[in-house]
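First comes the structure, then the notes that go with it.
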Amino acid sequence: MANRAEQGQIERITGWREGLRELHSRIAPRFVRPEVRSRVERYLHGLLEPVERRNGWQLAEAIGERSPDGVQRLLNGARWDAGEVRDDLREYVVEHFGDPEGVLVVDETGFLKKGEKSVGVARQYSGTAGKVENCQVGVFLCYATRRGRAFIDRALYLPEEEWANDEARREEAGVPEEVEFATKGELARGMLCRALEAEVPAKWVTADEVYGNDGKLRRWLQENEQAYVLAVARSHPLMVAFRSKRAEEVVAEAPPAKLAWARVEVGAGSKGPRVYDWARARLPYENAEGWAQWLLVRRSVSDPEDLAYYRAYSPENATLSELAKVAGVRWSIEECFERAKGEVGLDHYEVRYWESWHRHITLCLLAHAFLEVTRAVANDETADELTTSGKKGS
């Protein structure tokens, strides 16, 4: 007879397998051929296995195949649409984490690569490495709520000169003719547009300076009355009293009465709660009725000279604390990148083609979302158990 702890473990494993089976059944209609449908299920299992690297050979071994040929066919030659599976991913995440107060988080990550054949690879800045490296860069959209967070979309950045304008390289890597050069801000707008059209319940958008400094993206969000808190550079230009000033100048010259600081905890960090001092100043720009634009400033508690700047667009009644906490949600996507790379091999792939990249990344995001949903369910069960034991103890 199994004891209570062992029985609980058995139930969790059984539930895990059943949950993955249900997730596969959700996407199964996207794969017409039964052998492809079956291999996708095994591929998802393989991504979740504790193998050192989830490349062709090791994934094949993890799913019981003698060579990587079948895995490669799944990514390179089989007939299925990664965009449709991405839509299933989004619906799955919203089904489990959906919240009207949700936040859409945009960020990018680099995938270090050797050689120059992999689609989109070039010498470019990688935030992952913190310097210019030979890499691919993907832009991602994460959905974050109080219940959990997971990715819902992805886009591969094509450097303009090295790839978008190089017909020979495009053809060799299978880049579709309709795909043109797009800035990272334009890629973000495309993903946000898909999310809004799909009616993903989200009150806010947040992102780092790459996207906050993009005026076209900010204006598009404002036109759609989509609230945002976007980081901007200290040199970000602002029109104040008919003069263009840098964000840092606006803050330095602001009278103390107009820039009152408040200490706000904006989330949990690896070393404890993230606590900063925050202040805001209303910007004199024309807005839709009931809306306002703000310059939001974050100051380090330990180093008052360490400031970060944000542009915010929100309903007039949004509080300083609310804006600060939205800015703090941006860190959640970094945690998602870390988990997706470490737990499902987001960056372990060895593919060269446009379609293959999107297929592998989409299946990885699906596996990652499954883990995040499973964690949320386990946390709920633990909370229920604690509540039940507390009632019994009383």
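Residues that are more than 30 Å from C135 (Cβ to Cβ) and either touching a Ser or Thr at 6+ places or on another chain (Cβ under 6 Å) or not charged (D, E, K, R) (or both): does the range 172-195 have at least one? No, the conditions are met nowhere in the range 172-195. In the set (1) surrounded by fewer than 16 Cβ atoms within 10 Å (Cβ to Cβ); (2) part of a strand (DSSP E or B), the condition left unmet by R298 is number (1). Pairing residues of the range 67-91 that are at pLDDT below 90 and assigned to a helix (DSSP H, G or I) with residues that are aliphatic (A, V, I, L, M) and surrounded by 17 or more Cβ atoms within 10 Å (Cβ to Cβ), at Cβ distances under 6 Å and at least 6 apart in sequence or on separate chains, gives V71/L59; V71/A60. Figure legend. Inter-residue proximity from the range 212-226: first residues under 15 Å from S314 (Cβ atoms) and in contact (Cβ under 8 Å) with a residue 24 or more places away in the chain, second residues assigned to a loop (DSSP other than H, G, I, E, B) and among the charged types (D, E, K, R), beta-carbon distance below 9 Å, spacing 6+ or different chains. Indicated pairs: Q226/K203. Suppose we keep only residues that are among the β-branched types (V, I, T) and either out of contact with any Lys or Arg (no Cβ under 7 Å at 6 or more places or on another chain) or part of a loop (DSSP other than H, G, I, E, B) (or both) within the range 215-251. Which one would you say is modelled with the lowest pLDDT? The selected residue is V240. The set of residues in the range 294-324 that are without any contact (Cβ under 8 Å) to a residue 24 or more places away in the chain and of a type in the set (S, T, N, Q) comprises S302, N317, T319. Of the residues making up the range 39-77, just one is surrounded by 13 or more Cβ atoms within 10 Å (Cβ to Cβ), farther than 22 Å from E343 by Cα and either hydroxyl-bearing (S, T, Y) or under 27 Å from the mean Cα position of the chain (by Cα) (or both), namely N76. Only residues that are of a type outside the set (D, E, K, R), assigned to a strand (DSSP E or B) and surrounded by 16 or more Cβ atoms within 10 Å (Cβ to Cβ) were counted across the range 127-142, and they come to 9.
Filtering the range 331-358 to residues that are part of a helix (DSSP H, G or I) and aromatic (F, W, Y) leaves W331, F337, W354, W357.
Could you say whether any residue in the range 205-226 is crowded, with 20+ Cβ neighbours inside 10 Å, in contact with a Ser or Thr (Cβ under 8 Å, 6 or more places away or on another chain) and of a type in the set (F, W, Y)? No, the range 205-226 contains no residue that is crowded, with 20+ Cβ neighbours inside 10 Å, in contact with a Ser or Thr (Cβ under 8 Å, 6 or more places away or on another chain) and of a type in the set (F, W, Y).
Once the range 257-295 is narrowed to residues that are hydroxyl-bearing (S, T, Y) and modelled with pLDDT of 90 or more, the residue that is surrounded by the most Cβ atoms within 10 Å (Cβ to Cβ) is Y276.
The values are calculated or read from the model by the stated rules, or taken from the named source; none is laboratory data. Just so it is clear, the structure is predicted and the values come from calculations on it, not from any experiment. Note that we place each Cβ from the backbone using ideal geometry, even for glycine, and neighbour counts take in every protein chain shown.
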